[in-house]
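Since every read-out is calculated from the coordinates, none of them should be taken as a lab result. Since this is a predicted model, take the numbers as computed values, not measurements.
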Amino acid sequence: MNSSRPYLVRALYEWIVDNDCTPHLLVNAEYPGVQVPPGFASDGQIVLNASPSAVRHLHMDNEAVSFEGRFGGVAHSLYIPSAAILAIYARENGQGMVFDMEPPLAGAADEPGPDDDGPSGGEPPRPTGRPSLKVVK
């Protein structure tokens, strides 16, 4: 089953913009494949203003979010794999969603996969316990 993260990011982005708020993305700047301007991340994370008035050529699909933004007056092309998005929220009121950290996919951006000695064979482990849903207001 596909990750729900890119679908939720797109839906929340539209909801935030439709409510005349400013969508911000919290991004794991150290995730493989992330392309953000050097020197702007803090503690391995960066907050990006993704409002329609702040970016150009915004593209959101199931793999990544990409756009052109200005940092210090200089235009930069940004590329954020969906798994690197840690949160999307409205700057004005903080409403949005926080996501769990995802480990990089094996071979992503020529980075080695995690050495966790977990199950192999391409099948993820089955979850245990009761499922839980997070309430978004």
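Subtracting the Cα-Cα distance of residue 47 and residue 91 from 0.36 nm times their residue separation leaves 14.8 nm of extension gain.
Each residue of segment 44-55 is assigned a 3J(HN,Hα), and the resulting list reads x, 10, 9, 9, 10, 7, 10, 5, x, 7, 9, 10 Hz, derived from the Karplus form 6.51 cos²θ - 1.76 cosθ + 1.60 (θ = phi - 60°), x at Gly and Pro.
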